[in-house]
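Laboratory data are not the source of any read-out in this text; all were calculated from the coordinates shown. For clarity, every value in this text was computed on a predicted model and none was experimentally measured. Cβ placement follows ideal geometry from the backbone for every residue including glycine, while neighbour counts extend to all protein chains displayed.
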Amino acid sequence: MAALKYLRAGGASDIFNCGYSQGYSVLQVTDAVKRVSGVDFDVRMAPRRPGDPATIVAKSEKIRSTLGWEPELDDLDQIVRHALAWEDKLAELKRQAS
């Protein structure tokens, strides 16, 4: 909505990253999934694949300063909780459609 308001007010079309400006490691994410889901699963460590960057972080300074945007969810456990709920909902819809 902020982007639409910006454009309607005469702002130029632009590209923005919607991120937290903070990254999480794969291990941090898998630990959060285990913690939130209550399911312990095996994690097999392996070397980084050729071409994989060491880190990727979506910098959001531009969207924050231009549109006043702030992420609603900035807690990894909460993000994972929402993602798992979304996946559960999709699985339920798929079961209902079968």
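Against the chain, whose longest principal axis comes from its Cα atoms, helix 26-37 is set at around 70 degrees. Between 0 and 90 degrees, rounded to the nearest ten: what's the tilt of helix 76-97 against the longest Cα principal axis of the chain? Orientation of helix 76-97: about 80 degrees from the principal axis. Under 5 Å from the amide H of W69 lie the amide H atoms of R64, each residue being 5 or more positions distant or on a separate chain, with H modelled from the backbone and absent for Pro and chain starts. Summed over qualifying helices (DSSP H, 4 residues or more, each -39500 (n - 2.57)) and divided by its residue number, the chain shows a 222 nm mean residue ellipticity of -15000 deg cm²/dmol.
For the chain, dividing the convex hull volume of the Cα atoms by the residue count gives 180 Å³ per residue.
Placing a label point 7 Å from the Cα of I56 along the Cα-to-Cβ direction, the residues of region 6-29 with a backbone N closer than 20 Å are 15-29. Restricting the trypsin sites (Lys or Arg not before Pro) of region 1-96 to loop positions (DSSP other than H, G, I, E, B) with no more than 16 neighbouring Cβ atoms within 10 Å leaves R44, R48, K59.
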